[in-house]
Amino acid sequence: MLEINSPYLALLKNRINLRQIPFSERGSRLLVFRSEHHFQVRLAERWFKIDKRVSGYRDRPPLIDKWQFLDGGGRPLDFQLTTYPHRLDCQTSIGVFTLTFIDTETLMLVLPEGACGVALTAMMDNAQTDRRGGVLRLTGDIRRNVAYTTNAQIVSNEIKPLDGGEVQQIQLNIVSTGASVFILNITPRLGFNRYVPPSDAVLEAAARRWHDWFSAAPQVSEMYRAQYYYAWWIMRAGLISTRFYTTREAMTPSMIHYVGIWQWDAYFHALAYRHIEPGLAHDQLRVLLDHQRADGMIPDAVHDEGTVTHLDFPIEADVTKPPLIAWAAWKLYETDHDREFLDEIYEAIVRWNSWWFDNNDSDGNGLCEYRHPYSSGLDDSPLWDEGMPVESPDLNTYLCLEQEALSNISRILGLPQDSELWASRADKQAERMVRLRWDEDAGLFWATRNETRVNVRTPFSLFPLITGRMPPEIAARLIAHLTDEHQFWTQYPVPTVAHDDPKFEPLVMWRGPTWVNINYLLIEGLQRSGYPVLARDLRERTLEMIMGQDDIYEYYNPETGKAPPKAASTFGWSAAIFIDLAIQASKDKQ
């Protein structure tokens, strides 16, 4: 069968550990974890109105808990677990229980032959059994529905309310024929999927879905393959289905830690999808433009229940993310040459660029400011410790890249006057950064607040290098900082605060750890600025760092390459960038 013969499925055997890496499926909101000798099912959904906390979903109890396999006497079974992208095999003393997805809302458990059973608890307040299993519902503001169904002979089927009826305990004792299954449908809909298909066909279809996904990816060098296909697993498993404000199938930054679509994460996600499914890459941009404000601003994030455009913490201000959509769109075009997509989004990107200059240049000098820390994407960077707004080199570098990309896009669209205008603006943006913010004594570009420099050294003081427009003598000074082992050229560069800066903290988000999206931008900048050998060195160090851990993380310790304790696992843009860099490196080795 395919699930035995596919080299990709075999390569990823036991990579999904069910601790910080859940079993899931493309478009599904169901995340299966293991706790001791039972399973849990959590939901990848935010729903602020449940507990009125932005990140409350991270701490919620599982919807399905204590999902256990039983022997013929109703006793819980220990099991040895083997995982693949498409199935979980649980070896017990009475045989193998195999779990797979029928569809995005339905799990199938293939049962061993003979007397056995299933027990679980569900956070539901209404339940009843029926001839083939049972139906459970959660009433109130948040509606969820669960149905369990079997085609085995039912010996006993009991639902017992717990915790005052807020939780239901289910125990189903059955006799399996060897072709019998137990299916669990978890849905927000009123209707259920209780159709029981042949288990062999379901397992074959699940294997085929994953095999086809992996086989469509470009081949890479052998040294990258194990982590490369795991990265592609993240990029498929992390996709969530359309629902309410989530107008397109889109990738979450982390299906455990960050449920929703964040703006600049989506741009990096699209870089990976362009290699395998161009329409999916386009939709990572479209889902944000679907919610663009009338004034041109693109939301910070999009969730099922709405958008994030304004926050009252840590300060009150409108909030967005760094302007990189034109940069990303141009990269997609370089791969798929889809002129129509550029035509579709051009005006929206123009409005987005105008919003920055119309609303974020308080002193009128042509260099824009961040008005909320989170708009930078560098949420708790020490750059914001002294307050907002801050005029930062990274933001104005992004705006230069955007204008350059708009010049390229308008040229493809047959708009020569627009193309010339955007090219001129990109040149002027780079010139302004040099004229107004270059510190000859320090050899850096400083972030400023109220015309006073923010006295902390970060790689963002080097970011104008990315434009490829810096005079050679300035580029050389910036490179000297980047390659200084005491500052930014650590064992696993590039730390987000200089290693010898008093504010360097290697375990605290943007206050020291290495982030691979920052490395990606610097690698591109080194290539554009005439430092190809250094670019390859940084690329190889970045790939080595990501390959050094079983999982792929949000950020890394720049000294050890390990993931700090609070770094999110199964992280999307790190996976996407690993994919893109591994493809680049493999082409160079050919």
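The values are calculated or read from the model by the stated rules, or taken from the named source; none is laboratory data. Fair warning: this is a prediction, and the values are worked out from it, not measured in the lab. Glycine gets a Cβ as well: all are built from the backbone with ideal geometry, and neighbour counts include every protein chain shown.
With respect to (1) part of a helix (DSSP H, G or I); (2) surrounded by 17 or more Cβ atoms within 10 Å (Cβ to Cβ); (3) among the hydrophobic types (A, V, I, L, M, F, W, C), the lone exception for Cys368 is condition (1). Taken together, Gln403, Gln417 contain a single residue that is part of a helix (DSSP H, G or I), without any contact (Cβ under 8 Å) to a residue 40 or more places away in the chain and either surrounded by 19 or more Cβ atoms within 10 Å (Cβ to Cβ) or out of contact with any strand residue (DSSP E or B) (no Cβ under 6 Å at 6 or more places or on another chain) (or both), which is Gln417. Considering segment 217-251, the residues that are assigned to a loop (DSSP other than H, G, I, E, B) and of a type in the set (Val, Ile, Thr) include one that is nearest to Ala585 (Cα to Cα), namely Val220.
Among the residues making up segment 80-94, those that are surrounded by fewer than 20 Cβ atoms within 10 Å (Cβ to Cβ) and not small (Gly, Ala, Ser) are Gln80, Leu81, Thr82, Asp89, Gln91, Thr92, Ile94. Residues that are under 14 Å from Thr514 (Cα atoms) and of a type in the set (A, V, I, L, M, F, W, C) within segment 535-546 comprise Leu538, Leu543, Met545, Ile546, listed in sequence order.
Of the residues examined, His275 is not one that is modelled with pLDDT under 95 and out of contact with any helix residue (DSSP H, G or I) (no Cβ under 6 Å at 6 or more places or on another chain). For residues in segment 539-590 being surrounded by fewer than 22 Cβ atoms within 10 Å (Cβ to Cβ) and among the β-branched types (Val, Ile, Thr), which is nearest to the chain's Cα centre (by Cα)? The selected residue is Ile583. Mind counting the residues in segment 79-135 that are of a type in the set (Lys, Arg), under 23 Å from Ile154 (Cα atoms) and in contact (Cβ under 8 Å) with a residue 24 or more places away in the chain? Within segment 79-135, residues that are of a type in the set (Lys, Arg), under 23 Å from Ile154 (Cα atoms) and in contact (Cβ under 8 Å) with a residue 24 or more places away in the chain number 1. Taking the numbered list (1) modelled with pLDDT under 95; (2) crowded, with 17+ Cβ neighbours inside 10 Å; (3) under 18 Å from Ser569 (Cβ atoms); (4) not hydrophobic (A, V, I, L, M, F, W, C) in turn, Glu45 passes all entries but (3).
Yes/no matrix, rows are residues, columns are (1) farther than 30 Å from Met545 by Cα; (2) in contact with a helix residue (DSSP H, G or I) (Cβ under 8 Å, 6 or more places away or on another chain); (3) surrounded by fewer than 20 Cβ atoms within 10 Å (Cβ to Cβ); (4) outside the structural domain of Arg274 (by TED's automatic domain parsing):
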| residue | (1), (2), (3), (4) |
| --- | --- |
| Tyr195 | yes, no, yes, yes |
| Asp200 | yes, no, yes, yes |
| Ala206 | yes, yes, no, yes |
| Ser221 | no, yes, yes, no |
| Ala231 | no, yes, no, no |
| Met235 | no, yes, no, no |
| Tyr245 | yes, no, yes, no |
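If the condition is being among the hydrophobic types (A, V, I, L, M, F, W, C), under 13 Å from Ser392 (Cα atoms), touching a Ser or Thr at 6+ places or on another chain (Cβ under 9 Å) and assigned to a loop (DSSP other than H, G, I, E, B), then segment 425-483 contributes Trp446, Ala447, Val454, Val456.
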